[in-house]
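First up is the structure itself, then whatever we jot down about it.
The values are calculated or read from the model by the stated rules, or taken from the named source; none is laboratory data. A quick note: this is a predicted structure, and the numbers were derived from the prediction, not measured. Counting neighbours? That spans all protein chains shown, and the Cβs are built from the backbone with ideal geometry, glycine included.
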Amino acid sequence: MGGRFTSLEIGAGVGGQALGLERAGFDPVVVIDNDPHPCRTLRANRPGWNVLEMDFKDFVGADYRISTVDLLSGGVPSTPYSIAGKQEGTRDERDLLTAAVYLAIELQPRAILLETTPSLLSPKFVKVREEVEAELKHLDYSWEWNVLDAQNFGVPQTRRSCLVVAMRPDDFARFEWPSPTQQAGATVGEVLRDSMASKGWPFADAWALLANRIAPTIVGGSKNHGGADLGPTRTKRQWMELAVNAHSLGDDVPGEDFFFDPDLGRDGVPKLTVEQVMKLQGLPDDWIVTGGKTARYKQVAQAFPPPLAEAVGHRIVAALTPPASVR
């Protein structure tokens, strides 16, 4: 009891899932992403991790003397299943969900945790799920799909993730999804008030009173998305209701001379900095995100909130830890 477990992380991005799982008891033997920006971020935060910049479909464990791990984890691109996309599923060259499951054929992990968009559970993608489930069954795993919202796990944001957890039947019999840790997440104003006041802005308290709800879902992490803004028109309106100018990201928090007047529209309310968006994603203040503003924001916008990953990770650890035998 109390020992740590090994993991292999694919599609790691900025490291939110890997960080949460690390807190839960998993040490990655390899962390993989095909984008140089998050790879630099991961190396900056965890120099001891073996970070590989590559397409994980090209990964062969034997090349790295890895025969198996306790957990195969990762995030797979949501675009093939996104409501906003073409919804081509496995016909989309970016579909990595089935490829992730195929990786389990080689590694034979004790558990699998994969995250993607809730749209995958729509009737349109039943064949995708059936293909994944057929492979899991062939590998003698039991599994379950679920959608969890990060706001129920201490993250000040509405962020729903589709998760599939798979394990050997004996282990899976001990698995339970985590229960919400709190009834309601902190508001944007409560989380960012001190940050907004850090350069002497006299309107920080007045702003926090208006920013009195949790954040809408952070979007804008797609490689095809343009610059660093907080999303489409509808999302920008939601941010404006929280007295936030979502048309671009700020280089710094407001100073003493920034006049606060929501009646002026976006020119009268502050922008968020990348660091503030990190707080809304549940990333720690000391997490280093490398690159320019747009590259940093895109990494952060795609993050799997660490508190949610940690909550699920603890339940996986509990399932992988058999109860002490009775003498």
Does segment 199-217 hold any residues that are surrounded by 13 or more Cβ atoms within 10 Å (Cβ to Cβ) and in a loop (DSSP other than H, G, I, E, B), and which are they? K199, W201, P202, F203, A211, N212, R213, I214, P216, T217
Selected residue (criterion: surrounded by the fewest Cβ atoms within 10 Å (Cβ to Cβ)) from residues of segment 274-310 that are farther than 29 Å from P180 by Cβ and not basic (K, R): G292
I'd like to know if segment 83-94 contains one or more residues that are modelled with pLDDT of 90 or more and farther than 22 Å from T217 by Cβ. no
Evaluation of L192 against (1) assigned by TED's automatic domain parsing to the domain that holds M240; (2) closer than 22 Å to V69 by Cβ (one fails), failing number: (2)
List every residue pair whose Cβ atoms lie under 8 Å apart, where the two residues are 6 or more positions apart in sequence or sit on different chains, the first residue falls within segment 260-275 and is in the same structural domain as A206 (by TED's automatic domain parsing) and aromatic (F, W, Y), and the second residue, located anywhere, is part of a helix (DSSP H, G or I) and surrounded by fewer than 21 Cβ atoms within 10 Å (Cβ to Cβ). F260/A206; F260/G268
Residues in segment 174-186 that are at pLDDT 95 or above and among the β-branched types (V, I, T) total 0
Here is a list: E144, E176, E190. Which entry is of a type outside the set (A, V, I, L, M, F, W, C), part of a loop (DSSP other than H, G, I, E, B), surrounded by fewer than 17 Cβ atoms within 10 Å (Cβ to Cβ) and out of contact with any Ser or Thr (no Cβ under 9 Å at 6 or more places or on another chain)? E176
Can you confirm whether segment 228-235 contains a residue that is out of contact with any strand residue (DSSP E or B) (no Cβ under 6 Å at 6 or more places or on another chain), hydrophobic (A, V, I, L, M, F, W, C) and more than 30 Å from V76 (Cβ to Cβ)? no
How many residues does segment 1-24 contain that are surrounded by fewer than 24 Cβ atoms within 10 Å (Cβ to Cβ) and under 15 Å from P307 (Cβ atoms)? 3
Selection over segment 1-46 where residues are more than 19 Å from Q302 (Cβ to Cβ) and either assigned to a helix (DSSP H, G or I) or more than 17 Å from the chain's Cα centre (by Cα) (or both) yields a count of 12
Test A324 against the stated conditions and say whether it is modelled with pLDDT of 95 or more and surrounded by fewer than 23 Cβ atoms within 10 Å (Cβ to Cβ). no
Just a yes or no: is a residue in segment 159-172 assigned to a loop (DSSP other than H, G, I, E, B) and outside the structural domain of E256 (by TED's automatic domain parsing)? yes
